[in-house]
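What follows is a short report on a single structure.
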Amino acid sequence: MSAPDDIIHQPVRLRIMAALTALQPEAEGLDFAHLKKLTGATDGNLGAHIDHLAKASYVAVEKAFVARRPRTTVKASAGGRRDFEKHVAFLRSVIDGGA
């Protein structure tokens, strides 16, 4: 039996990873404002969760300026995608009664 991924299992981080892995791997990623809408998190809370995922190498964060305004883009890493899929498989096993 597999186990939940303690980093991804937290609800906001699970939503972030679900949104990012729904994109094609070659996609640019999602900007902070879009992730904020998808997760319902506050700026500070979302930033903390993104930092947590980045420290675990599950996401890459790119900061840039667009028209003199800061823009943060977040993209799932290959390892983050792989670990998210393992976590989803664990959740499916629980749903299917295998846990």
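Quick look at the values:
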item: Residue match in segment 39-59 (condition: modelled with pLDDT of 95 or more, assigned to a strand (DSSP E or B) and open to solvent by less than 80 Å² (accessible area, probe 1.4 Å)); result: yes
item: From the options LEU46, LEU38, residue that is farther than 14 Å from GLN10 by Cβ and under 12 Å from the mean Cα position of the chain (by Cα); result: LEU38
item: Matching residues, segment 1-38, being assigned to a loop (DSSP other than H, G, I, E, B), open to solvent by 70 Å² or more (accessible area, probe 1.4 Å) and more than 16 Å from ARG82 (Cα to Cα); result: MET1, GLU28
item: Residues located in segment 59-99, provided they are farther than 19 Å from SER2 by Cα and aromatic (Phe, Trp, Tyr); result: PHE65
item: Pick from segment 60-77, criterion out of contact with any Phe, Trp or Tyr (no Cβ under 8 Å at 6 or more places or on another chain) and basic (Lys, Arg), ranking: modelled with the highest pLDDT; result: LYS75
item: Count - residues of segment 61-91 that are surrounded by fewer than 15 Cβ atoms within 10 Å (Cβ to Cβ), in contact with a Ser or Thr (Cβ under 9 Å, 6 or more places away or on another chain) and not in a helix (DSSP H, G or I); result: 3
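The values are calculated or read from the model by the stated rules, or taken from the named source; none is laboratory data. Source: prediction; values computed, not measured. No Cβ is skipped: glycine too gets one built from the backbone with ideal geometry, and neighbour counts run over all protein chains shown. Please note that ligands, DNA and RNA were not included when accessible areas were found on the heavy atoms of the full protein model with its side chains. Shrake-Rupley method; radii C 1.70, N 1.55, O 1.52, S 1.80 Å.
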